[in-house]
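The values are calculated or read from the model by the stated rules, or taken from the named source; none is laboratory data. Just so it is clear, the model here is predicted, and its values are computed rather than measured. Please note: Cβ atoms are built from the backbone with ideal geometry, for glycine as well, and neighbour counts cover all protein chains shown. For accessibility, only protein heavy atoms count, side chains too; no ligands or nucleic acids. Shrake-Rupley method; radii C 1.70, N 1.55, O 1.52, S 1.80 Å.
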Amino acid sequence: GTTLGAAAAESGRYFGTAVAANRLGDNTYSTILAREFNMCTAENEMKWDATEPSQNNFSYGSADNIVNRCNQFGARMRGHALAWHSQQPGWAQNMSGTSLRNAMLNHVTQVANHYRGRIYAWDVVNEAFADGGSGARRDSNLQRTGNDWIEAAFRAARAADPNAKLCYNDYNTDNWNDAKTQAVYRMVQDFRNRSVPIDCVGLQSHFNSGSPYPSNYRTTLSSFAALGVDVQITELDIEGSGTTQANTYRNVVNDCLAVARCTGITVWGIRDSDSWRASGTPLLFDGSGNKKAAYQSTLDAL
Ligand code: XIL
């Protein structure tokens, strides 16, 4: 394959990117998008604050623009994200208890229903575990509605879109030895044992000096896969530049390809100038849209 998407497809995988609706009018951006990628994730446009700005009033315009564009050139969609402590609309931030639980379930149901049949995989719940060594759930208004809020969200998503793969997605779950990774693993194992509907685990994999690419990354991918779920690398970016960065991208791709149930890789933006990281050069194209060394090592490894 001569593009990321085509090369990934040779092994039955996809290669995706986060897409920002307000960049679709940028020619350089949209040319690379359509040429290289066969999976898209809305960077912000499917989040709770964007899709339900006031309670029970749903707004899909920007997200639909991304879905329509990506479908036009033949890419599928990952849905991101139905239930999350962050980027909630103000009205939800101020809720708690049963009313928040019901509002969350209604949100999951309505959004998953709107996109029924058009989403390859949904991040049903995002970032529900705490950082550090506790292995505990993250405190949030959603967590305070009861420990079963995650499985309730997954059941609502399954009912609304039975054909979408349902994922749990998080960051700092890359190192197999970390308490957070182990805690997510135990939740997925428990869900599988009790037939709570879950099909995949997303590893965001934002790598930087504080949370570097771990040498046991492949073990993490294969261990989750052994629970009977797919694994996906959902928000990849790697701080750095040059050969060092290119080598880490190569290692990530090699690890995914070594695990049969690692079904695809998504980078969190196209050009370095599109990255959510204020400074730094963590992506595959430079600010002018030129292919970086990291692009070439990624393509070669696919
Ligand atoms: C980020 C977006 O890239 C930014 O534009 C936004 O300001 C904040 O959110 N984990 C996630 C993503 O799951 O949704 C986040 O995206 C990055 C971290």
Count, please, the residues in the stretch 141-192 that happen to be out of contact with any Lys or Arg (no Cβ under 9 Å at 6 or more places or on another chain) and among the β-branched types (V, I, T).
-> 3
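May I ask you to list the residues in the stretch 54-83 that are open to solvent by 10 Å² or more (accessible area, probe 1.4 Å) and either among the hydroxyl-bearing types (S, T, Y) or in contact with an Asp or Glu (Cβ under 6 Å, 6 or more places away or on another chain) (or both)? Talk me through it step by step, then tell me what you get.
Looking only at the stretch 54-83, we keep the residues that are open to solvent by 10 Å² or more (accessible area, probe 1.4 Å), and these are 54-62, 64-65, 68-69, 71-74, 76.
S54, F58, S59, Y60, S62 - these are the residues of the stretch 54-83 that are open to solvent by 10 Å² or more (accessible area, probe 1.4 Å) and either among the hydroxyl-bearing types (S, T, Y) or in contact with an Asp or Glu (Cβ under 6 Å, 6 or more places away or on another chain) (or both).
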Is it the case that some residue within the stretch 218-230 is out of contact with any Ser or Thr (no Cβ under 6 Å at 6 or more places or on another chain) and within 16 Å of the ligand (Cβ to nearest atom)?
-> no
Are there any pairs with C-beta distances below 7 angstrom linking a residue in the stretch 251-264 that is over 19 Å from D237 (Cβ atoms) to a residue that is in a helix (DSSP H, G or I), with the two at least 6 apart or on different chains, and if so which?
-> A258/R218; V259/R218; V259/L221; V259/S222; V259/A225; R261/A225
Unmet criterion (only one of (1) open to solvent by 50 Å² or more (accessible area, probe 1.4 Å); (2) in contact with a Pro (Cβ under 9 Å, 6 or more places away or on another chain)) for P89 = (1)
Within the stretch 71-91, residues being within 13 Å of the ligand (Cβ to nearest atom) and aromatic (F, W, Y) number 1
Helices (runs of 4 or more DSSP H) completely within the stretch 1-53 that count 1 or more residues being of a type in the set (S, T, Y) and surrounded by fewer than 21 Cβ atoms within 10 Å (Cβ to Cβ) = 27-36
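Of all residues in the stretch 250-286, count the ones that are of a type in the set (G, A, S) and either away from the ligand (no atom under 14 Å from the Cβ) or crowded, with 24+ Cβ neighbours inside 10 Å (or both). Give the steps one after another, and end with the answer.
Within the stretch 250-286, the subset of a type in the set (G, A, S) is 258, 260, 264, 269, 273, 275, 278-280.
Next cut, either away from the ligand (no atom under 14 Å from the Cβ) or crowded, with 24+ Cβ neighbours inside 10 Å (or both) only: 258, 260, 264, 269, 279.
Total satisfying the criteria: 5.
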Being away from the ligand (no atom under 16 Å from the Cβ) and charged (D, E, K, R) is the filter; apply it to the stretch 178-206 and report the residue that is least open to solvent (accessible area, probe 1.4 Å).
-> D199
What do you reckon, is M95 over 21 Å from T234 (Cβ atoms), aliphatic (A, V, I, L, M) and part of a loop (DSSP other than H, G, I, E, B)?
-> yes
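Listed here are the residues, each with its yes/no results for (1) at pLDDT 95 or above; (2) out of contact with any strand residue (DSSP E or B) (no Cβ under 8 Å at 6 or more places or on another chain); (3) more than 16 Å from the ligand (Cβ to nearest atom); (4) not acidic (D, E).
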residue: N57; (1), (2), (3), (4): yes, yes, yes, yes
residue: G61; (1), (2), (3), (4): yes, yes, yes, yes
residue: R69; (1), (2), (3), (4): yes, no, yes, yes
residue: T109; (1), (2), (3), (4): yes, yes, yes, yes
residue: Y120; (1), (2), (3), (4): yes, no, yes, yes
residue: A128; (1), (2), (3), (4): yes, no, no, yes
residue: D148; (1), (2), (3), (4): yes, yes, yes, no
The one condition Y115 fails out of (1) open to solvent by less than 40 Å² (accessible area, probe 1.4 Å); (2) more than 24 Å from T298 (Cα to Cα); (3) touching a Gly at 6+ places or on another chain (Cβ under 9 Å); (4) within 16 Å of the ligand (Cβ to nearest atom) is (4)
With the condition kept exactly as written, say whether any residue in the stretch 214-237 is over 25 Å from A183 (Cα atoms) and open to solvent by 60 Å² or more (accessible area, probe 1.4 Å).
-> no
Test for D174: is it of a type outside the set (A, V, I, L, M), away from the ligand (no atom under 16 Å from the Cβ) and under 27 Å from W276 (Cα atoms) = no
